[in-house]
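Okay, so here's the structure we're looking at.
Every number here is computed from the coordinates shown, using simple stated rules; none is lab data. Remember, predicted model here, so these are calculated numbers, not experimental data. Cβ atoms come from the backbone with ideal geometry, glycine included; neighbour counts cover every protein chain shown.
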Amino acid sequence: MTTTVYPHPTPAADGEPRPGAFGNATDLVCRACGARQPLGPSYACDECFGPLEVAYDFPAVSREHIGAGPPSIWRYAALLPVPADVASFRTTDPGWTRLLRADNLARELGMRTLWVKDDSGNPTHSFKDRVVAVALVAARQLGLRVLACPSTGNLANAVAAAAARAGMPSVVVIPHDLERAKVLTTAVYGGTLVAVRGSYDDANRLAVEIAGEHPDWAFVNVNVRPYYAEGSKTLGYEVAEQLGWRLPEQVVIPVASGAQLTKVDKGFRELVRLGLVEPHDYRVFGAQATGCSPVAAAFRAGRDVVSPVRPDTIAKSLAIGNPADGPYVLDVCRRTGGAVEDVSDDEIREGIALLARTEGVFAETAGGVTVATLRKLLATGRLDPDAETVVFNTGEGLKTLDAVTDLAGRAVTIEPTYAAFRAAVLG
Ligand SMILES: Cc1ncc(COP(=O)(O)O)c(C=O)c1O
Ligand SMILES: [Zn+2]
């Protein structure tokens with residue numbers, strides 16, 4: 001039997017994490033009341049049960065230092081709750097995905113400068129590899145034994161793969177009606193896979209209950225959620241670095257729990273505070289499917305409270321009816337002058353086809369939501385066609401083939417002769 005040696009694999013003997021285990025992170029701070037508590041496997045404030053997030057004491061960080069780092073999220077290790085030598089941990093090393101200039105799509109939409117941040121290039125083909133890698137390292141530092149999650153699909157892939165690579169057991173809880181491809185691309189990594197008769201929100205409730213019974217399990221988006229969520233900041237860092245250390249003027253981001261959108265904004269603000277980019281205004285737009293649009297509905301109604309819904313949409317990866325970060329998405333979009341909008345299933349299919357046809361990028365349904373929302377925001381005049389815009393493609397089309405099955409009839413079947421080809425294709 002081989003033994004893998006991890007740097008800082010367990011907490012110190014007194015149960016406290018080792019010095020430096022969380023890099024420049026100092027403590028957990030409540031987003032509702034500001035109370036602070038020590039870094040640990042906690043996600044709710046002791047005072048008010050509000051959500052906790054990681055606070056830091058950043059040293060000076062230079063563009064050169066980051067630029068000399070590995071081509072993965074670990075180039076930003078100094079800005080994450082991870083130890084300085086994190087790149088030597090066994091993770092999937094996600095991130096540093098391509099930022100594509102989307103001139104064809106821009107022309108079609110009447111825009112001046114448009115980019116696609118294509119996170120389908122991650123190891124399990126969604127942005128979830130970023131958040132899971134940070135959660136995995138936190139779990140190691142906290143001495144937690146099992147990597148687990150409730151998932152709408154992509155997180156399931158990322159957790160099962162990351163656990164396999166780290167040599168940890170995994171437990172993944174999904175709704176029973178997930179896309180077949182997402183079930184298979186989780187099962188292939190081994191680990192325990194449980195499908196519940198119910199929605200994602202039911203799976204999430206069950207996960208919270210299991211986490212309470214098993215304090216040595218790391219449910220990445222439950223008890224180590226503050227660390228997990230920080231991983232999404234790297235999407236914002238990368239966009240800025242790939243633009244030549246500049247913030248875009250507009251970003252369009254899909255919203256399920258809302259964690260990603262709020263953390264991209266946090267990442268942008270940190271870059272400004274650290275002097276890594278020039279400060280300038282940017283507007284953040286959230287994208288949802290109409291069949292699960294609780295945040296867009298609250299935005300439209302001018303409400304601060306997000307009322308839960310029962311999802312019914314082809315965008316299953318975004319089907320969270322009771323989004324934990326919904327109110328914070330509203331804050332970010334309102335503060336920056338953006339909006340939250342939703343699009344129908346037909347518009348989602350058109351969004352997938354539009355991105356594929358113009359840029360050669362095959363997005364999953366979440367990317368279809370984002371591209372269709374971009375188009376709708378332009379049509380209604382809320383997004384400025386002349387401002388530099390980045391649209392996020394966070395997942396891979398091969399995982400949601402059902403959304404494009406009507407394209408199967410596209411092929412023209414002929415006899416293998418030139419005469420038949422000429423008659424059928426060249427008219
Ligand atoms: C492909 C994809 N994009 C976006 C999201 C939304 O992420 P968040 O829950 O952070 O809003 C998800 C969530 O599962 C996803 O799978
Ligand atoms: Zn609090």
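Can you put 65, 125, 280 in order, fewest other beta carbons within 10 Å first?
Values: 65 13, 125 21, 280 10.
With the fewest neighbours first, 65, 125, 280 line up as 280, 65, 125.
Students often get this wrong: which residues of segment 360-379 have the backbone nitrogen under 18 Å from the point 7 angstrom along Cα-to-C-beta of residue 344?
It comes to 368-379, nothing else.
For the pair residue 103 and residue 420, how long in nm is the line joining their label points, each one 7 Å along Cα→Cβ?
The modelled label-to-label distance comes out at 4.0 nm.
Hey, with R₀ at 35 Å, roughly what FRET efficiency would residue 411 and residue 202 work out to, going by the Cβ-Cβ distance, to 0.05? Please list the in-between numbers first.
Numbers: r = 40 Å, r/R0 = 1.14.
That gives a FRET efficiency of 0.30.
Could you list the residues of segment 120-150 with an amide nitrogen less than 12 Å from a label point located 7 Å from the Cα of residue 214 in the Cα-to-C-beta direction?
Residues passing the 12 Å test: 145-150.
Using just the C-alpha positions of segment 68-174 as equal point scatterers, what log10 of I(q)/I(0) does the Debye formula give at each q in 0.19, 0.21 1/Å?
-0.92, -1.05
Which angle from 0 to 90°, rounded to the nearest 10, does the C-alpha axis of helix 326-336 make with the longest principal axis of the chain?
In the chain, helix 326-336 runs at an angle near 70 degrees to the longest axis.
Which of 409, 367, 291 moves most in a GNM of the chain, Cα contacts under 10 Å?
Looking only at 409, 367, 291, the largest GNM fluctuation is found for 409.
How many lysine pairs in the chain, separated by 8 or more positions in sequence or lying on different chains, have Cα atoms less than 23 Å apart?
Total qualifying Lys-Lys pairs in the chain comes to 21.
How big is the gap, in Å, between the Cα center of segment 266-282 and the Cα center of segment 381-411?
With segment 266-282 and segment 381-411 each reduced to a Cα centre, they are spaced 28 Å.
What full-extension length gain, to one decimal in nm, is calculated for residue 334 and residue 36 as 0.36 nm per residue of separation minus the Cα-Cα distance? Mind showing how you got there, number by number?
Numbers: separation 298, 0.36 × 298 = 107.28 nm, distance 2.65 nm.
Gain on extension, residue 334 to residue 36, equals 104.6 nm.
Sticking with the crude label model, points 7 Å out along Cα→Cβ, report the distance from residue 278 to residue 384 in nm, one decimal please.
1.5 nm
Which of the chymotrypsin sites (Phe, Trp or Tyr not before Pro) found in segment 191-296 are in a DSSP loop and have at most 12 neighbouring Cβ atoms, other than their own, within 10 Å? Let's see the in-between values first.
Working: sites: 200, 217, 219, 227, 228, 237, 245, 268, 282, 285; in loops: 245, 282.
Nothing satisfies the criteria.
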